[in-house]
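Here is the structure we will look at, set down as structure tokens.
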Amino acid sequence: MPKFIIKNRYTDEVKFEIEAESLKDAVEKNRADLHGADLGGADLHGADLGGADLHGADLYGTNLREADLYGAKIKISQKEELLKALHIEIKE
């Protein structure tokens with residue numbers, strides 16, 4: 001089983017290391033500890049991230065299609081990244 005290492009996007013400090021079937025499984029198992037995580041470009045399609053602490057996490061290029069984000073926490077400054085990751089376009 002592969003080992004995944006999730007680091008803080010600002011400090012490069014290791015947030016957690018885990019053996020899991022996929023990156024999606026690793027992130028789901030540690031969703032409470034994703035504050036500041038470097039998840040940029042990750043394929044988290046369909047992930048259960050309900051209640052996840054995503055404050056300051058790098059979501060740029062992350063695939064969050066069909067992900068459960070109910071109750072997830074983000075910073076207002078992450079709004080645009082999250083909308084792009086969810087493939088949501090807001091038009092006026």
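The values are calculated or read from the model by the stated rules, or taken from the named source; none is laboratory data. Keep in mind the model is a prediction, meaning the values are calculated, not measured. Please note: Cβ atoms are built from the backbone with ideal geometry, for glycine as well, and neighbour counts cover all protein chains shown.
Structure notes:
- Which numbered condition MET1 fails, given (1) at pLDDT below 90; (2) outside any loop (DSSP other than H, G, I, E, B): (2)
- The single residue among LEU54, LEU59, LEU83 that is touching an Asp or Glu at 6+ places or on another chain (Cβ under 9 Å) and modelled with pLDDT of 90 or more turns out to be LEU59.
- Subset of region 1-28 [surrounded by 14 or more Cβ atoms within 10 Å (Cβ to Cβ) and either under 20 Å from GLN78 (Cβ atoms) or among the charged types (D, E, K, R) (or both)]: ILE6, LYS7, ASN8, ARG9, LYS15, LEU23, LYS24, ASP25, VAL27, GLU28
- Scan of region 62-78 for residues that are surrounded by 13 or more Cβ atoms within 10 Å (Cβ to Cβ) and of a type in the set (Gly, Ala, Ser), ordered by number: ALA67, ALA72
- ALA67 vs. criteria within 21 Å of TYR10 (Cα to Cα) and aliphatic (A, V, I, L, M): no
- Considering the conditions (1) over 10 Å from the mean Cα position of the chain (by Cα); (2) in a loop (DSSP other than H, G, I, E, B); (3) under 18 Å from TYR10 (Cβ atoms), HIS35 is excluded by exactly one of them, (1).
- Test: GLU81 is over 9 Å from the mean Cα position of the chain (by Cα), outside any strand (DSSP E or B), without any contact (Cβ under 8 Å) to a residue 60 or more places away in the chain and surrounded by fewer than 19 Cβ atoms within 10 Å (Cβ to Cβ): no
- Residue ID - nearest to ILE88 (Cα to Cα), chosen from residues in region 12-33 that are touching a helix residue (DSSP H, G or I) at 6+ places or on another chain (Cβ under 7 Å) and of a type in the set (A, V, I, L, M): ALA20
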